[in-house]
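The values are calculated or read from the model by the stated rules, or taken from the named source; none is laboratory data. All figures in this text were calculated on a predicted structure; none of them were measured in a lab. Note: ideal-geometry Cβ built from the backbone for every residue, glycine included; neighbour counts use all protein chains shown.
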Amino acid sequence: MAEETNSIDEGGTLVAADPVKTTGNAGVEGKRGATEKVREEAGKLASQAGDKARAFADTGKDKATGALDDFSSMMRDAAGSVDEKLGEQYGQYARSAADQLSGFAESLRGKQVDDLIDDARDFVKKSPAVAVGIAAGVGFVLARLLKSGLDAAGDLADKGADDGAGSGKPKA
């Protein structure tokens with residue numbers, strides 16, 4: 001048993017000779033345990049975020065394939081009127097394009113999101129210039145769509161102000 005080196009001071013209070021003792025590696029082990037717990041929780045959160053992202057991507061993929069199917073169906077329906085107005089050759093082009101869209105939608109439907117991501121990575125590695133061009137084109141189209149939407153909203157607001165709408169003043 002360890003020898004006690006406590007003493008009593010003049011007021012009769014017990015005083016420890018070595019009041020602060022180190023616990024050795026207990027503090028370091030406590031930090032390691034906390035670090036491991038934080039890493040474990042971060043791993044769980046990352047896994048949950050990945051699962052949610054995959055679920056959203058699956059939903060988006062389903063919506064996209066449905067929209068492609070609808071569009072190809074509309075193209076097939078319109079091919080008849082194209083036949084009548086422009087000739088059978090152009091109607092055949094429309095039917096061929098509709099078949100291509102339908103086939104593309106079916107191939108998307110048959111793949112998992114991770115497979116699509118891998119395919120996109122492979123495409124970018126094989127043809128980086130084409131990928132940059134596609135990204136620039138998509139960015140341009142999105143910017144134009146947003147700008148036209150904002151311009152239309154501004155025109156409506158301006159028209160409402162010109163008509164006296166919301167100003168409380170009757171139109172002169």
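Need pairs with beta-carbon distance below 9 Å; first residue in contact (Cβ under 8 Å) with a residue 12 or more places away in the chain and within region 54-77, second loosely packed, with under 12 Cβ neighbours inside 10 Å and basic (K, R); sequence gap 6+ or separate chains.
Cβ pairs passing all conditions: none.
Against the definition (within 29 Å of A78 (Cβ to Cβ), assigned to a helix (DSSP H, G or I), in the same structural domain as D51 (by TED's automatic domain parsing) and among the aliphatic types (A, V, I, L, M)), how does A97 come out, yes or no?
Details: within 29 Å of A78 (Cβ to Cβ): yes; assigned to a helix (DSSP H, G or I): yes; in the same structural domain as D51 (by TED's automatic domain parsing): yes; among the aliphatic types (A, V, I, L, M): yes.
Taking the combined requirement at face value, the residue satisfies it.
Looking at (1) assigned to a helix (DSSP H, G or I); (2) closer than 28 Å to A131 by Cα, which is the only condition G91 fails?
Going through the list (1) assigned to a helix (DSSP H, G or I); (2) closer than 28 Å to A131 by Cα, G91 breaks only (2).
Pull out all pairs, ordered by first then second residue, where Cβ-Cβ is under 9 Å, the residues are six or more apart or on different chains, the first lies in region 109-131 and is at negative phi, and the second is loosely packed, with under 13 Cβ neighbours inside 10 Å and not charged (D, E, K, R).
Filtered contacts from region 109-131: V113/A53; V113/G60; F123/V130; V124/V130; V124/V132; A131/A120.
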